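Note sheet for the following structure.
The values are calculated or read from the model by the stated rules, or taken from the named source; none is laboratory data. Just so you know, these numbers come straight off a predicted model, no measurement behind them. When we count neighbours, we look across all protein chains shown, and the Cβ atoms used for this are built from the backbone with ideal geometry, even at glycine. With ligands, DNA and RNA removed, areas are computed over all heavy atoms of the protein, side chains included. Shrake-Rupley method; radii C 1.70, N 1.55, O 1.52, S 1.80 Å.
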Amino acid sequence: MKGLTIRFDQVTFSYGEAQFLFDATVSAGSITAVMGPSGSGKSTLLNLVAGFETPTSGRLLIGEQDMRDVEPAERPVSMIFQENNLFAHLTVEQNIGLGRSPSLKLTPEDKHAITEALEATGLAGKQKRLPRELSGGERQRVAIVRALVRQRPVLLLDEPFASLGPALRADMLDEIRALHARLNLTILFVTHHPEDASRLAQEVIFLEDGKTVAQGSAASFFSESGPLAFRRYLGQVA
């Protein structure tokens with residue numbers, strides 16, 4: 001599997017009175033943080049990539065393909081939300097299996113992929129447990145595995161670890177980094193935590209008032225000469 005470039009070419013979108021304009025490029029195989037104040041459009045940007053929202057104008061390309069007429073299920077994208085959205089009545093194995101087959105009619109190949117993914121994420125031996133029998137971190141890990149077994153080259157994360165404590169959140173970020181190193185996905189993740197972005201991201205897209213106002217390497221963003229809007233967001237300048 002190899003990550004794909006994501007390009008927002010003057011993409012506009014409106015939601016009630018809110019107006020958004022995104023113009024940015026996410027490098028293939030990169031880990032990119034999407035940051036900005038509440039209401040700046042972070043989740044909207046991810047929803048446009050996933051196909052849950054449709055641009056008013058402009059082009060959204062994944063790889064070389066314009067996504068305008070591509071349904072969410074057909075896009076080369078998997079998404080993990082803040083709430084892990086596991087089905088309480090299904091086992092770990094079944095919840096993950098939904099990533100391979102919505103009807104849970106799993107082939108031997110599907111079952112092998114699930115077993116491998118469980119082992120790779122420290123969940124081996126827990127496939128028959130229900131979500132309530134898992135810790136918060138384990139439930140998020142199941143959600144990650146369910147996304148990964150879909151074998152899509154783009155992974156979207158909408159603050160999936162926001163409800164976790166600092167130590168567990170750091171562990172999950174390290175797991176994402178390890179998965180990225182192994183699979184070379186393009187990862188786009190929304191976060192309100194600068195420490196998460198500095199720990200995981202290679203690139204940063206910063207949104208303000210519904211627009212992309214800065215983009216660049218994480219190293220440049222977190223330097224003393226980082227974008228003024230970003231430094232203002234961090235409270236480093238008035």
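Brief remarks follow.
- Using alpha-carbon coordinates, inclination of helix 108-120 to the longest axis of the chain, degrees: 60
- Accessible area of region 129-238 belonging to carbon and sulfur atoms, whole % at 1.4 Å probe: 48
- Entry note, the chain: the mean residue ellipticity at 222 nm calculated from DSSP H runs of n ≥ 4, each adding -39500 (n - 2.57), is -9000 deg cm²/dmol after division by the residues and rounding to the nearest 500.
- Mean separation of Cα contacts under 8 Å, 6 or more apart, over the residue count of region 72-151: relative contact order %: 47
- Positive-pole candidate from Ala181, Met67, Leu4, dipole of the chain, charges at beta carbon: Ala181
- C-alpha long axis of helix 136-148 to longest principal axis of the chain, angle in °: 90
- Given charges at beta-carbon only (K, R positive; D, E negative), |dipole| of the chain in Debye: 520
- Principal-axis analysis of the Cα atoms of the chain puts helix 166-183 at an angle of about 80° to the longest axis.
- Converting the Cα gyration tensor eigenvalues of the chain into ellipsoid dimensions via √(5λ) gives semi-axes, longest first, of 30, 21, 16 Å.
- Mean accessible surface per residue for region 42-85, computed with a 1.4 Å probe while every protein chain stays in place, in Å²: 49
- Each residue of region 204-221 was assigned a 3J(HN,Hα) from its phi angle through the Karplus expression (A = 6.51, B = -1.76, C = 1.60, θ = phi - 60°), giving 9, 10, 10, 10, 8, 6, x, 10, 7, 9, 7, 8, x, 5, 4, 4, 5, 4 Hz with x at Gly and Pro.
- For the chain, the relative contact order works out to 30 percent when only alpha carbon pairs closer than 8 Å and six or more residues apart are counted.
- Listed peptides 23-36, 67-80 appear in the order 23-36, 67-80 once ranked by packing, highest mean of other Cβ atoms within 10 Å at the front.
- Think of each Lys and Arg Cβ as +1 and each Asp and Glu Cβ as -1; about the Cα centre, that makes the dipole of region 3-69 roughly 140 debye.
- The slack between Asn85 and Ala120, meaning 0.36 nm per residue of separation minus the straight C-alpha distance, is 10.5 nm.
- The GNM of the chain, with springs linking C-alpha atoms under 10 angstrom apart, assigns the highest mean-square fluctuation among Ser103, Ser14, Ser43 to Ser103.
- On region 1-101, 47 percent of the accessible area sits on carbon and sulfur atoms, based on a 1.4 Å probe.
- For Gly216, residues with placed amide H under 5 Å, excluding near neighbours: Val204
- Packing rank of 144-155, 120-131, where each peptide gets the mean count of other beta carbons within 10 Å, highest leading: 144-155, 120-131
- Separation of region 1-32 from region 97-161 is 27 Å, based on Cα centroids.
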